[in-house]
1. If you take the residues in the stretch 333-359 that are open to solvent by 70 Å² or more (accessible area, probe 1.4 Å) and free of Cβ contacts under 8 Å to residues at least 12 places away in the same chain, which one is nearest to TYR305 (Cα to Cα)?
2. Output the number of residues of the stretch 105-143 satisfying the condition of being over 21 Å from LEU315 (Cβ atoms), of a type in the set (Ser, Thr, Tyr) and within 21 Å of the chain's Cα centre (by Cα).
3. Can you tell me which of ARG201, ARG255 is of a type in the set (Lys, Arg), open to solvent by 30 Å² or more (accessible area, probe 1.4 Å) and within 26 Å of LEU147 (Cα to Cα)?
4. Quick test of your reading of the structure: THR233 fulfils all but one of (1) surrounded by fewer than 24 Cβ atoms within 10 Å (Cβ to Cβ); (2) assigned to a helix (DSSP H, G or I); (3) in contact (Cβ under 8 Å) with a residue 40 or more places away in the chain. Name the failing condition by number.
5. Can you tell me which residues in the stretch 223-269 are among the hydrophobic types (A, V, I, L, M, F, W, C), at pLDDT 95 or above and within 18 Å of the chain's Cα centre (by Cα)?
6. Does GLU286 count as more than 17 Å from LEU92 (Cβ to Cβ), in contact with a Ser or Thr (Cβ under 9 Å, 6 or more places away or on another chain) and acidic (Asp, Glu)?
7. From (1) open to solvent by 10 Å² or more (accessible area, probe 1.4 Å); (2) β-branched (Val, Ile, Thr); (3) within 24 Å of GLY347 (Cβ to Cβ), pick out the condition that doesn't hold for VAL310.
8. Do the conditions hold for LYS82, that is, is it of a type in the set (Lys, Arg), modelled with pLDDT under 90 and in contact with a Pro (Cβ under 7 Å, 6 or more places away or on another chain)?
Amino acid sequence: MNTRGTIRLATRGSDLALRQTASVSDRLSARRLDVDVVEVSTRGDEIRDELIHRLGKTGAFVRALDEKVLDGDVDAAVHSMKDMPTESPPELVVAGVPERAPAGDVLVTPDGSDLDDLPEGAVVGTSSLRRGAQLRRERPDLQVEPLRGNVDTRVEKLLAPALQREHQRRLDAEDEAEGEHPDAFDQTAEEWFDGLAELERQAMERDPDIEYDAIVLAEAGLQRSGLLDDVATTRLPKERFVPAPGQGAIAVTTRNDSDATEIVRELVDDPVTRVRTTVERTVLAELGGGCIAPIGVHAAVQGEYVHVSVQVLSLDGEEAIERTADLPITSHADAAASLAADLREEGAAELIDRAREEADE
């Protein structure tokens, strides 16, 4: 911390990142600590047209923030844990893991359809190799297309085509009625537009190059962005759509020799979430997949055990190595590493190597 006793938190500048950082800042401020939030541009923010898995295994949204911590420009950095690489400099420590938000994925559609209701050949948007493989496994007929941007941007891209068509339909009806109120509608086009939610108005300004029937997002991202109640969602079952390791969790990194480390650990860390995410990230690290292979790992604390589900898929979703296990909580990290080693021998390593080669093509 600086000489004034202020904790400086580095964050990305996206709305979701700022909301996550605000939740950490609030915990610190509640104990009468002064907090400065420092926005940092990352490589992932700057390269808008590149899929996440091609942005580098060191963490497209992470490295720039942690460099600020290591250089002493800030005291801590706030990350979405699922974006973090499994390897980090020895001087860096995850000092705080707050209580986790929902870990699973949701299907977002304009009308609330679930996955089985989507028409044959429907277009589904996702930027995740894991989600793409899981979708293809469940519905090989689907057309999975890339989707990037902040959470609100992704939702707007989904909503835009149907809203624009409806607006044009109303305008055409008014033209045919020669300026009079069209009998087919109870509102004029202007009244209809004025009644839209802000998210829908923003969507009207979009010019998407792909028309999506549905998109898949993390429920936590929608919740933290304040959009969960504004869109029609269906939860995807975690048994078949195993979430990404650390999804829904926030990580606060500090230098291991910093005064901020103990402060963050005391005021921010949630022990149950730390156990869950330690298991998930240990499995991921031992498997060696990073963000270049479709890997899902989800852990839940159940009494003296940690129930963990692991899913390693081929990119096309046609092959899968899956396992569930109950690990002793007293040795959860070692047990998670042992589980991952078994999975590698059972064929997970081969699937991951193949996914790496195909993703680089």
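1. ASP334
2. The total comes to 1.
3. Values: ARG255 fails: within 26 Å of LEU147 (Cα to Cα).
When all the criteria are applied, what remains is ARG201.
4. (2)
5. Residues satisfying the conditions are LEU236, PHE241, VAL242, ALA244, ALA249, ILE250, ALA251, VAL252.
6. Numbers: more than 17 Å from LEU92 (Cβ to Cβ): yes; in contact with a Ser or Thr (Cβ under 9 Å, 6 or more places away or on another chain): yes; acidic (Asp, Glu): yes.
Judged against the criteria, GLU286 is a match.
7. In the conditions (1) open to solvent by 10 Å² or more (accessible area, probe 1.4 Å); (2) β-branched (Val, Ile, Thr); (3) within 24 Å of GLY347 (Cβ to Cβ), VAL310 misses (1) alone.
8. No; evaluated as a whole, the condition is false for this residue.
The values are calculated or read from the model by the stated rules, or taken from the named source; none is laboratory data. In this text, all values refer to a predicted model and were calculated from it rather than measured experimentally. A quick note on method: Cβ atoms are made from the backbone with ideal geometry, for glycine too, and the neighbour counts reach across all protein chains shown. The protein model used for the area step is the full one, side chains on, heavy atoms only, and it has no ligands, DNA or RNA in it. Shrake-Rupley method; radii C 1.70, N 1.55, O 1.52, S 1.80 Å.
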